[in-house]
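The values are calculated or read from the model by the stated rules, or taken from the named source; none is laboratory data. The model shown is predicted, which means the values in this text are computed figures rather than measured ones. In this analysis, Cβ positions are derived from the backbone assuming ideal geometry, glycine residues included, and neighbour counts consider all displayed protein chains. What goes into the accessible areas is simple: the full protein's heavy atoms, side chains included, and nothing from ligands, DNA or RNA. Shrake-Rupley method; radii C 1.70, N 1.55, O 1.52, S 1.80 Å.
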Amino acid sequence: MKTRLFSAFAGRPFGPATGAALLAATLACTPPEDLARTPPTWASGATCYEIFVRSFADSDGDGMGDLKGLTARLDYLNDGDPATRSDLGVRCLWLMPVAEAPSYHGYDPVDHYAVERDYGTTDEFKRFVAEAHRRGMVVLVDMVLNHVSSDYPAFQKALADPAAPERRLFRFQPEKGPLNKWGGDNWHTSPLRDEYYYGFFWKGMPDLNYEDPDALEEMRRVATYWLTEMDVDGFRLDAVKFLVEADGQADDTPGTHQVLRDYQAHLMRTKPGVFTIGEVFDSTAALLTYYGDQLDGYFAFEIGDSILAGVRDGRGTGIVAPAMRLAYSVPAWRWSPFLRNHDQPRTATVLGGDLAKAKVAAVLQFTMPGLPFVYYGEELGMTGDKPDELIRTPMAWTMDAPHAGFTSGTPWQPLAADSLRANVGAQQGDPESLHRLYATLIHARREVRALAEGTLILVESNTPDVVAFIRRAGDEAVLVVANVGVDHLRGLKLSAGAASLPPGANAPLDLLTGPGKARWVSDAASGGPIRATAIPVAADGSFRDYTPMEVMPRQTVFVFRVR
């Protein structure tokens, strides 16, 4: 039977690692113990969206985004109606820090129990949470466990009085400790006397001393407040690698793992169904040591890095390997692929402003397993590079208002130079835009079981220019095939082992077309339409030397639904 292929998205080179290499890499990762934990009901097929409130939407013209502005824009993220497609369709929101802090970014809390005054009031935060819940979205807030601001009242008392009881919440000593393994100095001179205090990131962020039980007890109280009084659904936990330094080792210590176990246990007792996800910026092998009975999930840094490196550099090796390692070790809802976050140059910048490459990166992220996260503005192709303020610029909403509709005043940070292109108004109604691709992919993950829950299966190709894989759940499967090379390919052959596809299944159906429209993809080499051939699936679910089409266009991703 012949089948038709409709939509394709342009991109840049990446190719599969060999099956043997992936198998060896997977076997090298020992699955952690005690992974039996019930996934939250909302997580299957869900996508989460990271928001910097200061840069999202300003309601009062003071130039800073706020909670009222964010609440007014919730329909953009999810309007609460599963039948509509004009919204992005996300089901989970992560807010960067919203507690009172002296910095613009908030990662140095000075009062854990107060909403950042630039953002609004406690009542406004509660209204935001209620409106998000009404639309079917859960709310995660950033929890900074590792440190506080040097202006934190307890730290100020500890500095001022060596006999103060607050002093045990921090680490002081008469001499500097050793440099960390990266050559950094984490011991800072006290401004009041001849002594030093410990702060991994810098002098303005003294670390809490979790060797004293009162430090952990206070952070338990903070969590209880946000879960019960503010009704959030969980936390993104910042910099969890560094909670307990021991004998000169700053990261990944037994004490750090124990703090996370104790903290997670408290959260689960306080609010059953709570969800936690931690930042462990490290290799997959290091990441696996944080599972078991610690946090629910962690960000999969290696997946985003491998996708972007391959797309940017035209290098296929290693694209699928990090996802394969995690997929064979940890339940998919407990790890999160993402392309970029608030600490990294934006995707469009990494890819040299090539939005075709950004489309390929998005397709790869959303067709892999895991619980994906999207940094605000990535769906528009916003650009930005270091310093950090330039990767946290205001969201652009429209071409028809000052400052792209972010504020009626002067924005706290100038909008990115590309805001006339990378804005919601310019893209939301354009079926070819990056925004519409993101929305299509996010909705597809919710609606297609194979994308929501399917096993990841590598497909072998006879050329390094192609990366291909299958997501299978029961009798439903999705086949992803990408030619990321610079040339059109003839003679492409794909093969997969037993149980890769439902036996006899041979009907690929496109997932990524615009609403109500099925579009042929023209072959730039011949000018004619491309028709996909039937997959010759054997009785055991394998296939060999499958040629999906006579010519596969360059820098193109095809997604087939097979059932």
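Structural remarks
- Test result for ASP79, over 30 Å from ASP151 (Cα atoms) and at pLDDT 95 or above: yes
- Boolean, THR270 is free of Cβ contacts under 8 Å to residues at least 60 places away in the same chain and under 21 Å from ASP185 (Cα atoms): no
- Among the residues of this structure, ASP34 does not count as one that is at pLDDT 95 or above and not aliphatic (A, V, I, L, M).
- Number of the exception - ARG445 against (1) open to solvent by 10 Å² or more (accessible area, probe 1.4 Å); (2) within 26 Å of the chain's Cα centre (by Cα); (3) under 19 Å from LYS359 (Cα atoms); (4) of a type in the set (D, E, K, R): (1)
- Condition check for VAL232 on (1) under 30 Å from THR121 (Cα atoms); (2) under 20 Å from the mean Cα position of the chain (by Cα); (3) surrounded by fewer than 22 Cβ atoms within 10 Å (Cβ to Cβ); (4) aliphatic (A, V, I, L, M): one failure, at (3).
- When residues in the stretch 215-261 are screened for being in a loop (DSSP other than H, G, I, E, B), in contact with a helix residue (DSSP H, G or I) (Cβ under 7 Å, 6 or more places away or on another chain) and small (Gly, Ala, Ser), 1 of them pass.
- Scanning the stretch 181-206 for residues that are among the small types (Gly, Ala, Ser) and open to solvent by 20 Å² or more (accessible area, probe 1.4 Å), we see that the one that is farthest from ARG168 (Cα to Cα) is GLY183.
- All positions within the stretch 189-221 that are hydrophobic (A, V, I, L, M, F, W, C), over 24 Å from the mean Cα position of the chain (by Cα) and within 21 Å of TYR298 (Cβ to Cβ): PHE200, LEU208, LEU216, MET219
Listed here are the residues, each with its yes/no results for (1) under 23 Å from the mean Cα position of the chain (by Cα); (2) closer than 24 Å to VAL90 by Cβ; (3) open to solvent by 20 Å² or more (accessible area, probe 1.4 Å).
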| position | (1), (2), (3) |
| --- | --- |
| HIS435 | yes, yes, no |
| GLU453 | yes, yes, yes |
| ILE457 | yes, no, yes |
| ILE470 | yes, no, no |
| GLY497 | no, no, yes |
| PRO502 | no, no, no |
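- Test: TYR225 is open to solvent by less than 20 Å² (accessible area, probe 1.4 Å) and within 30 Å of ALA265 (Cα to Cα): no
- Selection from the stretch 365-393 of residues that are more than 13 Å from the chain's Cα centre (by Cα) and in a helix (DSSP H, G or I): THR367, LEU380, ASP388, GLU389, LEU390, ILE391
- Reported count of residues in the stretch 259-300, each being closer than 26 Å to ASP231 by Cα and open to solvent by 20 Å² or more (accessible area, probe 1.4 Å), is 12.
- One residue stands out among those in the stretch 162-180 that are in a loop (DSSP other than H, G, I, E, B) and open to solvent by less than 70 Å² (accessible area, probe 1.4 Å): the one that is nearest to PRO109 (Cα to Cα), which is PHE170.
- Residue count for the stretch 93-141, restricted to those that are closer than 26 Å to PRO272 by Cα, open to solvent by 20 Å² or more (accessible area, probe 1.4 Å) and in contact with a helix residue (DSSP H, G or I) (Cβ under 7 Å, 6 or more places away or on another chain): 5
- Enumeration of residues in the stretch 293-319 that are more than 16 Å from ARG340 (Cβ to Cβ), more than 13 Å from the chain's Cα centre (by Cα) and at pLDDT 90 or above: ASP293, GLN294, LEU295, ASP296
- Residue within the stretch 435-455 that is on the phi < 0 side of the Ramachandran plot and assigned to a strand (DSSP E or B) present: yes
- Meets criteria (open to solvent by less than 20 Å² (accessible area, probe 1.4 Å) and either on the phi < 0 side of the Ramachandran plot or without any contact (Cβ under 8 Å) to a residue 60 or more places away in the chain (or both)) for VAL360: yes
- On the stretch given as the stretch 394-412, residues that are part of a loop (DSSP other than H, G, I, E, B), open to solvent by 30 Å² or more (accessible area, probe 1.4 Å) and not aliphatic (A, V, I, L, M) total 5.
- Residue satisfying all of: in the stretch 302-316; surrounded by fewer than 23 Cβ atoms within 10 Å (Cβ to Cβ), touching a residue at least 24 places away in the same chain (Cβ under 8 Å) and out of contact with any helix residue (DSSP H, G or I) (no Cβ under 8 Å at 6 or more places or on another chain); nearest to GLN555 (Cα to Cα) among these: GLY314
- Filtered by the rule that a residue be small (Gly, Ala, Ser) and open to solvent by 50 Å² or more (accessible area, probe 1.4 Å), the stretch 70-92 gives ALA72, ALA83, SER86.
- Qualifying residue in the stretch 54-65 (condition: open to solvent by less than 20 Å² (accessible area, probe 1.4 Å), closer than 26 Å to THR224 by Cα, of a type in the set (A, V, I, L, M) and at pLDDT 95 or above): no
- Members of the stretch 512-552 that are crowded, with 16+ Cβ neighbours inside 10 Å, modelled with pLDDT under 80 and within 16 Å of VAL363 (Cβ to Cβ): LEU512, GLY514, VAL521
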